[in-house]
Amino acid sequence: LRFHASSVAGSMPAIRYRTCMVLNDVPKSNVLDDVFYMALYNMAIHSHDNDVHKFYDVLIPFLTGKPLEESLLEAEEAAAKFEEGVEGEARKFGRMRLPQKSKTAY
């Protein structure tokens, strides 16, 4: 959850995370690129200590064609526009949720 947006706003004083990261305007050529899938497959088969950083700092920017921070900012801007009532912004961001606290919760 370190790479996902978080907020303490709301009726309950709890930290909420945007657990679903929505990536908008991903080029079709990047989605179909074998290099992305080979790197993802390699991460799934061979576990390394820096896999999380590699996924968020290398693979996601490769997929979107822009830095991760820019993708996160776009999602936050879409969430703000949705709160203001702008049409068409609902699918451009994930909902804020509380993190799972025990294995029995889900």
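Values in this text are rule-based calculations from the coordinates and carry no lab data. Given the structure is predicted, the values throughout are model-derived calculations rather than measurements.
Listing for the model above:
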{"read-out": "For region 53-64, 3J(HN,Hα) per residue [Karplus equation, 6.51 cos²θ - 1.76 cosθ + 1.60, θ = phi - 60°, Hz, x = Gly/Pro]", "value": "5, 4, 5, 7, 8, 10, 5, 5, x, 4, 5, 7"}
{"read-out": "Amide H contacts of V22 (H built 1.01 Å from N, under 5 Å, at least 5 apart or other chain)", "value": "G94"}
{"read-out": "Backbone HN-Hα couplings from phi across region 68-73 [Karplus 6.51/-1.76/1.60, Hz, Gly and Pro as x]", "value": "4, 4, 5, 5, 5, 5"}
{"read-out": "Gain upon complete extension [A39, E69; 0.36 nm per residue less C-alpha separation]", "value": "8.7 nm"}
